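Below: the structure, in structure tokens.
Any read-out appearing in this document is the output of simple, stated calculations on the displayed coordinates, not a laboratory observation. Just so you know, these numbers come straight off a predicted model, no measurement behind them. Cβ atoms come from the backbone with ideal geometry, glycine included; neighbour counts cover every protein chain shown.
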Amino acid sequence: MLETLQSFWDSSRGLQGPAGTAIRIVGILVVAWIVLRIVDRALKALKARMAAHIDDAEAAKRALTLGRIFHYIATVVVSLIAVILVLSELGISIAPILGAAGVVGLAVGFGAQSLVKDFFTGFVLLLENQIRQGDVVEIAGRTGVVEKITLRFVQLRDYGGIVYFVPNGEITTVVNMSRGFAHAVIDAGIGYGADVDQVMALMREVADEMRRDPAWAPRIEGEFELAGVESWGDSAVTVRGRIRTRPGDQWAVRRELLRRLKYAFDKAGVEIPFPQRTVHVVGGKTDAGTAAVAGS
């Protein structure tokens with residue numbers, strides 16, 4: 001194929017006039033398109049091979065993200081070279097254009113500092129592996145699944161399906177909720193009359209049953225950790241625990257565990273409290289002026 005392109009280029013060099021120029025320009029554009037197609041297929045093959053040999057989901061995410069960035073860079077580089085070659089075929093000198101581009105670029109750089117900041121921050125995010133495609137993150141006050149990462153912005157989609165385009169320059173803190181592992185934190189509120197030890201035993205039992213469930217066992221990576229009594233509220237005692245899960249599965253595991261705890265508490269007669277109001281009557285009067293209200 002390379003020999004064919006070389007012979008075509010040599011023969012087109014012998015052509016003079018607009019026809020020869022047009023043929024060479026078409027040849028340049030065709031070669032650029034072929035190169036981009038080759039790069040695209042090579043990256044797809046590389047990603048497929050890496051996905052087949054990488055068991056770590058975290059490494060697979062990083063490979064996918066870097067593949068998209070390399071494709072973007074290759075597209076920019078090949079397109080720039082093609083434009084320069086086309087201009088040279090049209091008889092336009094490249095040196096003055098490059099000089100003018102440098103001056104214009106300097107002027108634009110002062111006026112487009114936010115754009116430069118976006119590219120620099122995007123490069124750092126990728127270099128330090130802070131965000132990858134498929135991660136659940138909170139950035140710039142927005143939370144969602146990372147659908148796309150470029151050197152200029154991060155594309156997020158939240159639970160409601162809304163898409164956010166967050167410029168990299170606005171990202172100061174990255175909260176990554178799907179890196180390595182996660183914890184499903186359970187805060188169970190019980191009435192003051194409930195047996196706390198019984199409730200903690202029920203929470204352990206329900207969590208252990210869920211770990212043995214084939215439908216949920218692959219999502220859970222550790223035993224249930226019971227922290228104990230977390231707080232005394234106005235109408236409830238809060239018992240806290242957590243269970244280690246695969247990254248991204250903490251929300252589903254938490255919802256299912258809460259559902260099972262509700263049935264277990266109902267079966268054992270454990271009171272799930274609701275806001276209550278106690279009225280103390282002074283001197284046999286119950287009007288608002290003599291009633292003291294406690295609780296909420």
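Values for this structure:
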item: ³J(HN,Hα) computed for each position of the stretch 21-32 - Karplus, 6.51 cos²θ - 1.76 cosθ + 1.60, integer Hz, glycine/proline x; result: 4, 5, 5, 5, 5, 4, x, 4, 5, 5, 4, 4
item: Separation in nanometres of the label points that stand 7 Å from Cα toward Cβ, at Asn129 and Val163; result: 2.9 nm
item: Backbone HN-Hα couplings from phi across the stretch 128-134 [Karplus 6.51/-1.76/1.60, Hz, Gly and Pro as x]; result: 8, 6, 7, 10, 9, 4, x
item: Ranked Ser235, Ser88, criterion: other C-beta atoms within 10 Å, fewest first; result: Ser88, Ser235
item: Net lengthening on full extension, Arg244/Tyr192 (0.36 nm per residue, minus Cα-Cα); result: 15.9 nm
